[in-house]
C-alpha cells in the first residue's frame, strides 16, 4: 500500500468542524490502496473537545505524536476568558476592549501565520527521520492552522517527498484576517508565506470553487476541489422522532459577525401576527454563541423561545439535526465569505430537513441548495422573503408535516469524496 502521512493539528479528542475532514478520509483511504499515517501534537490546546470521536479512529491507524508549545497557555494568565474567545474564533463586532486589542495584535503580528508556529521546526526534524524509517513518499498538510503548511514547505525543500497542501479554509482572504490588527510588515509576511506554500507544494486541495479561482491567480500548481461531506449515519445513529415544536436549529458557532438580524426581525413579526407561530416556535442554538446574537434575540423579544445548548458531542449534534423542523445555516455577509462552505451544511443535507441558508451574495452554498433542492437561500437583506418562506414552511408544518425532497446528495458522502480524492491525486 502507498503510505501517506497526514500532518494535522486537529485530531480526536478535538471537537468542532476542523477534525471531521481527515478523520473520515483516513477511515476510507485503506479501501483504496492507501495507508494513512497521522502526525499530531501530543499536548494540544483544543478550544473544543469531543472524546466520543476517539471511537471513530480505527485501531489500525498509526498516529505519531510530539509535544507542541502554544502561547495561548501563557496568554491565558492575563485574560483566560478573552484568550479562550479568540482561540475559538469569537471576535466581537463591537469596539474591543484594550485587552482584546492587545491579544489580537499579539496573535496577528507575533505569531505568523498562527500560534502553532513553534511546532514547525521540531516537526520538520522529527518527520524527516520518519520519512526515511517508514519509506513515506507522500505527505498531506491540512490547515488552518496554516503552520501545518510550513511544515510541508520545509520538508519539501529538504527532501524529495511529494507534498499535498489541503486548505479547509483560505489563508489571507479569510474574513477574520483583517481583524488581527496586522501591521503592513506582518500583512506582507502572511502574503509571502501563503505564496511560498502555494507555489512550492506539488498539489493543492481546496473545499470550494471560489478558493480554487483565488489560488489560481497565485499558483500554477494543480488545484483540486474536494468539498467537505457527510458520514452515512443510518446504521450507527437511530433517527430520533421529529420535534413536535416548530424547531429552528443552528448547530455550530453562531459568531457575532454572522448575527442574522433580519431573520430575528422576521420571526418577531410572525410571532406578533400569529399566536400559533409564537406558541410553536423553538429556536435551538447548539454551540458557541456570540454576545451580540444573544442581545439581538433579547431586543426582538425572542429569548423565551430560544434554547442555548452549548457544545454537544458530534453524535448528539446529528440527532438534533434529524429531529429539527428547520436547520439554520448562516454565513458572514461579506465578499470574502462567498466561497466558505461550512462543514455542517453537508451534515444538514444528510439529515434531510429543510435548510434555511442566509449568507452573502453569490454564496456557493446558495447554488448547492438549488442543485440539491434542500431548502432556501436568502441574502441577509431579504427580510421579507425570509419571512414569507418561514410562513410557508410553518403552514406546511401545521397542515401535513414539513419535509424536503432533496436530491443528488450522495456525491457529498465521505466515502464518495474519498474516492474522488484518491482518483484526482492518483495515489499509487
Residue 139 fails exactly one of (1) touching a helix residue (DSSP H, G or I) at 6+ places or on another chain (Cβ under 7 Å); (2) surrounded by fewer than 18 Cβ atoms within 10 Å (Cβ to Cβ); (3) farther than 24 Å from residue 335 by Cβ, namely (2)
Of the conditions (1) under 22 Å from residue 393 (Cα atoms); (2) buried (at least 21 other Cβ atoms within 10 Å of the Cβ), residue 289 fails just one. Which one is it? (1)
How many of the residues making up segment 28-41 are within 23 Å of residue 313 (Cβ to Cβ) and out of contact with any helix residue (DSSP H, G or I) (no Cβ under 9 Å at 6 or more places or on another chain)? 1
Hey, any hits in segment 120-128 for a residue that's in the same structural domain as residue 162 (by TED's automatic domain parsing), modelled with pLDDT of 80 or more and either assigned to a loop (DSSP other than H, G, I, E, B) or surrounded by 20 or more Cβ atoms within 10 Å (Cβ to Cβ) (or both)? yes
Taking segment 256-293 on its own, how many of its residues are over 18 Å from residue 356 (Cβ atoms) and modelled with pLDDT of 95 or more? 6
With criteria (1) free of Cβ contacts under 8 Å to residues at least 12 places away in the same chain; (2) outside the structural domain of residue 320 (by TED's automatic domain parsing), residue 239 comes up short on (1)
For residue 231, all conditions in the list (1) at pLDDT 95 or above; (2) buried (at least 19 other Cβ atoms within 10 Å of the Cβ); (3) in contact with a strand residue (DSSP E or B) (Cβ under 8 Å, 6 or more places away or on another chain) hold save one; what is the number of the exception? (1)
Per the filter on segment 351-381, residues out of contact with any strand residue (DSSP E or B) (no Cβ under 8 Å at 6 or more places or on another chain) and under 18 Å from residue 267 (Cα atoms) are 381
Based on this model, can you work out whether residue 268 counts as more than 29 Å from residue 364 (Cβ to Cβ) and touching a helix residue (DSSP H, G or I) at 6+ places or on another chain (Cβ under 8 Å)? no
Flagged in segment 246-273 as touching a residue at least 12 places away in the same chain (Cβ under 8 Å) and over 25 Å from residue 346 (Cα atoms), in numbering order, are 265, 266, 267, 268, 269, 270, 271
Residue tally, condition within 24 Å of the chain's Cα centre (by Cα), more than 12 Å from residue 261 (Cα to Cα) and in a helix (DSSP H, G or I), over segment 271-299: 1
Which residue pairs have Cβ atoms under 9 Å apart, sit 6 or more places apart or on different chains, and have a first residue in segment 88-108 that is outside the structural domain of residue 47 (by TED's automatic domain parsing) and a second that is outside any helix (DSSP H, G or I) and modelled with pLDDT of 65 or more? none
Could you please give the count of residues in segment 148-161 that are touching a helix residue (DSSP H, G or I) at 6+ places or on another chain (Cβ under 8 Å) and in contact (Cβ under 8 Å) with a residue 40 or more places away in the chain? 7
So residue 304 fits all but one of (1) surrounded by fewer than 21 Cβ atoms within 10 Å (Cβ to Cβ); (2) at pLDDT 95 or above; what number is the exception? (2)
Whichever residue in segment 202-221 is touching a residue at least 60 places away in the same chain (Cβ under 8 Å) and within 23 Å of residue 154 (Cβ to Cβ) and, among such residues, is surrounded by the fewest Cβ atoms within 10 Å (Cβ to Cβ): 203
Could you say which residue among 349, 402, 417 is assigned to a loop (DSSP other than H, G, I, E, B), buried (at least 18 other Cβ atoms within 10 Å of the Cβ) and either in contact with a helix residue (DSSP H, G or I) (Cβ under 9 Å, 6 or more places away or on another chain) or without any contact (Cβ under 8 Å) to a residue 40 or more places away in the chain (or both)? 402
In segment 362-381, the residues that are part of a loop (DSSP other than H, G, I, E, B) and either at pLDDT 95 or above or buried (at least 22 other Cβ atoms within 10 Å of the Cβ) (or both): 363, 373, 374, 380, 381
Might you check whether a residue that is modelled with pLDDT under 80, surrounded by 16 or more Cβ atoms within 10 Å (Cβ to Cβ) and either closer than 30 Å to residue 134 by Cβ or out of contact with any strand residue (DSSP E or B) (no Cβ under 9 Å at 6 or more places or on another chain) (or both) occurs anywhere in segment 55-69? no
On the basis of being over 30 Å from residue 36 (Cβ atoms), surrounded by fewer than 22 Cβ atoms within 10 Å (Cβ to Cβ), in contact with a strand residue (DSSP E or B) (Cβ under 9 Å, 6 or more places away or on another chain) and modelled with pLDDT under 95, does residue 310 make the cut? yes
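The values are calculated or read from the model by the stated rules, or taken from the named source; none is laboratory data. The structure displayed is predicted, hence computed values, not measured ones. Don't worry about glycine lacking a Cβ; one is built from the backbone with ideal geometry, like all the others, and counts go over all protein chains shown.
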